[in-house]
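Notes follow once the structure below has been shown.
Only the coordinates and a few stated rules stand behind these numbers; no lab work does. Here the structure is a predicted model, which means the values were calculated and not measured. Quick reminder, even Gly has a Cβ in these numbers, built from the backbone with ideal geometry, and neighbours come from all protein chains shown.
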Amino acid sequence: MNIFVLVKRTFDTEEKIVVTGGAIQEDGAEFIINPYDEYAIEEAIQVRDAQGGEVTVVTLGGEDAEKQLRTALAMGADKAVLINTEDDLDELDQFSAAYILAEYLKDKEADLILGGNVAIDGGSGQVGPRVAELLGINYVTTITKLEIDGKTVKIVRDVEGDSEVLEAELPLLVTAQQGLNEPRYPSLPGIMKAKKKPLEELELDDLDIDEDDVKAKTTTVEIYLPAQKVAGRVLEGDLSDQVKELVSLLHSEAKVV
Amino acid sequence: MNFDLTSEQQMIRKTMKEFADEVVAPGAIERDRTKAFPKEIFKQLADMGMMGLPFEEEYGGAGADTTSFAIVTEELSRACASTGITYSAHISLGGAPLHLFGTKEQKEKYLTPICTGESFGAFGLTEPNAGSDAGGTETQAKEDGQDFVINGSKVYITNASYAKHLALTAITDIKDGKKEISAIIVPTDAEGFTVLDRYEKMGLNASNTTELILENVRVPQENLLGKKGNGFRQFLVTLDGGRIGIAAMAVGIAQAAFERALSYSKERKQFGQTLSSFQVTQFKLADMAMKIELARNMVYKASWLKDEGKPFTKEAAMAKLYASEIAMEIADQAIQIHGGYGYMKEYEVERYMRDAKLLEIGEGTSEVQRMVIARQIGC
């Protein structure tokens, strides 16, 4: 089984995040594998261990992303690919990421491609489905269970807190939801061997991609931290007065109506 | 000069930090109360390949360096010092003498189960009248045909209830009125070997501390570890490495106490201000951070010297002495910052102080560390 996992390096939202000048300060921020991608890596390793084959983890980004790839290798992935866009592109959006990944994957004869359901930074959940669309293969998002029997894949997916059971055929792209598995800690021998596993670095040129073809189609207008939570207010008095007050507050204070 | 951790060391730190926070920390208060040995945690550590960290791969180890060992010990101790000391003793007292002085056969037979986690590592040196003063050793091993017959007792032995075998020191001869001390590997299930787990301790309650009683315990002479008569010298070498473990534990406890104190002082308000806005608290926290940084640097330096094959006796003693004393101080100050809450078990800082105290005593008291340093600087 030829398995690929799409991995993103993100900042750790459990650590302190500082925004200055419309950008997240990278100094002092902690970077991690996007937690949903960790489920994807774990699932890929389990599928490989059961079915045989090879797990390749792929990421887009700069040199710094090597750390996250090495962690995936330490967990048990076999190979890693870093598509380094640092020099070619200032900005990537879901469109550019999906295009580049699909160009990389199109001749790889992948049986199974896994990714996280969303990245905890951008949170669009678009890259996985877009890649599948470009490759012309099936995809199922937010899965919580995966069973492979020959070419047939039985899947349980999370649908707004409920479960949907469905069947699909390989080749297939799935995105992982929390609950799919419990990602393992990298083992010490895994960590010691991670450096010796192959990590290939590619640039857009290597994939015959022209910078103009992957120009971001969206622009980021502003980045800001969520407003500090303040204590709620309980309205008092007659019900009709409360409704009036609520409407006027929604209008004048919250400015939503 | 280079102060960066290697990429492996960084990954080990990150993995162990997560493991300590997610797996080790949650039950620490409860284990302190019930004195339950953290068996499940060690099963997971064994699955992660951590139990044979610095030993050769051919015996099931991972071939990692001493700095990595210090990192793992620090992170475990930050969450639960009982888990930390169990790990530290397992590696640096249980595994290390076999690794350093064992024959190939002995390593295959005794080091491998330590690396896989099938057996915990333990080490029998201290006796009711002997610790750093080896001359007080009374346990005797008499040659009898092909065997040694061992009689005596050991005290304060970590991990022995969970060890399948351990190395211990015994008098094998008396030459010109001087005791000849050798190290011998003894299976804990040998006839006449009793392990008693009945101490009531001040802290480190979830770690296993035992008395060993040996009554006519018979082991083949091939169980001699290293050279006959070299037992004490071998143990001095072993203890040098062990001190790095104790020092790393101390850094972990100090770090935990500091983190608690820092976060509490940012939340707790008195006289309309958080404690952290009072200069008196800021100075305490600044001192804590500084001392931890210094202690950790010393631990890393001693580890680095050891890995480079350079002498590290003095540095290991300095690291152990300094780190254990600042751990005690910082735990004390962390309680002070917490006020009455700090005296309550729920806030954990009181446990740090009880646990830290052992570090000024075990593997050579602070006074013995000063003796070692004094000897090293030419006194």
Show which lysines lie in cross-link reach of A:K193 when reach means a straight Cα distance below 18 angstrom and same-chain residues fewer than eight apart are skipped.
A:K67, A:K79, B:K14
In Å³ and rounded to a whole number, note down the convex hull volume per residue for the Cα atoms of the range A:5-84.
88 Å³
Cβ neighbours within 10 Å from other chains - mean over A:37-43
0
From zero up to wherever the largest Cα-Cα distance of the range B:1-102 sits, split into 5 Å bins and tell me the percent of pairs in each.
3, 12, 23, 25, 18, 11, 6, 2, 0, 0
Over chain A, with a Gaussian network built from C-alpha contacts below 10 Å, which listed residue (A:K154, A:K229, A:K196) shows the highest mean-square fluctuation?
A:K229
Relative contact order of chain B, pairs being alpha-carbon contacts under 8 Å that are 6 or more residues apart, as %:
16 percent
At q = 0.11, 0.12 Å⁻¹, the log10 of I(q)/I(0) for the protein assembly as shown from a Debye sum over equal Cα scatterers comes to -1.13, -1.23
Enter the angle in degrees (range 0 to 90, nearest 10) between the Cα long axis of helix A:66-75 and the first principal axis of the Cα atoms of chain A, meaning the one along which they spread out most.
70 degrees
Compute from the Cα atoms of chain A the Rg and the Dmax, the latter being the longest Cα-Cα distance, and quote both in angstrom.
21.4, 72
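Suppose R0 equals 30 Å; then what is the FRET efficiency for B:Y199 and B:M371 from their Cβ-Cβ distance, rounded to the nearest 0.05? Please list the in-between numbers first.
Numbers: r = 26 Å, r/R0 = 0.88.
Using R0 = 30 Å, I get an efficiency of 0.70.
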Rounded, prolate or oblate: which one fits chain B, using the alpha carbon gyration tensor with axes a ≥ b ≥ c (rounded when a/c is under 1.5, else prolate when a/b beats b/c, else oblate)?
prolate
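Give, in nm to one decimal, the length gained when the segment between B:A286 and B:E259 is fully stretched (0.36 nm per residue of separation minus the Cα-Cα distance).
Numbers: separation 27, 0.36 × 27 = 9.72 nm, distance 1.19 nm.
So the extension gain works out to 8.5 nm.
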Using the Karplus equation 6.51 cos²θ - 1.76 cosθ + 1.60 (θ = phi - 60°), what ³J(HN,Hα) coupling, rounded to whole Hz, does each residue of the range A:247-256 give in order, writing x for Gly and Pro?
4, 5, 5, 4, 7, 8, 9, 7, 6, 10
Which one of A:A72, A:A110, A:A50 has the biggest mean-square fluctuation once chain A is modelled by GNM with Cα springs under 10 Å?
A:A50
Using the Karplus curve 6.51 cos²θ - 1.76 cosθ + 1.60 with θ = phi - 60°, work out ³J(HN,Hα) for each residue of the range A:18-26 in order, rounded to whole Hz, and write x for Gly and Pro.
10, 10, 10, x, x, 9, 6, 5, 7
Karplus ³J(HN,Hα) for the range B:175-187 (6.51 cos²θ - 1.76 cosθ + 1.60, θ = phi - 60°; Hz, whole; x = Gly/Pro) runs 10, 6, x, 9, 6, 9, 9, 10, 9, 9, 8, 10, x
The answer for B:V155, listing residues at least 5 apart or on another chain whose modeled amide H is closer than 5 Å to its amide H, is B:T126, B:E127, B:L212
When all C-alpha to C-alpha distances in the range B:233-376 are sorted into bins of 10 Å, what percent of pairs does each bin hold, rounded to whole numbers?
13, 39, 27, 15, 5, 1, 0
Using only Cα atoms and rounding to the nearest 10 degrees, what angle (0 to 90) does helix B:366-376 make with the longest principal axis of chain B?
70 degrees
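Only counting other Cβ atoms within 10 Å, I'd like A:R233, B:R370 sorted with the fewest neighbours first. Intermediate results must be reported in sequence, preceding the final value.
Working: A:R233 9, B:R370 15.
In order of increasing Cβ crowding within 10 Å: A:R233, B:R370.
With +1 on each Lys and Arg Cβ and -1 on each Asp and Glu Cβ, how big is the dipole of the range B:7-116 about its Cα centre, in debye rounded to the nearest 20?
Working: 12 positive and 16 negative charges, 76 e Å.
The calculation lands at about 360 debye.
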Using modelled backbone amide H atoms (1.01 Å from N, in-plane), which distant-in-sequence or interchain residues come within less than 5 Å of A:L173's amide H?
A:I113, A:N138, A:Y139, A:V140
Can you list residues whose amide H is under 5 Å from B:D173's amide H, if they're 5+ apart or on another chain and H is modeled 1.01 Å from N?
B:E180
Report the full-extension gain for the segment A:E203 to A:E54: residue separation times 0.36 nm, less the Cα-Cα distance, to one decimal in nm.
51.4 nm
In chain A, what % of DSSP beta bridges are antiparallel (nearest 5)?
40 percent
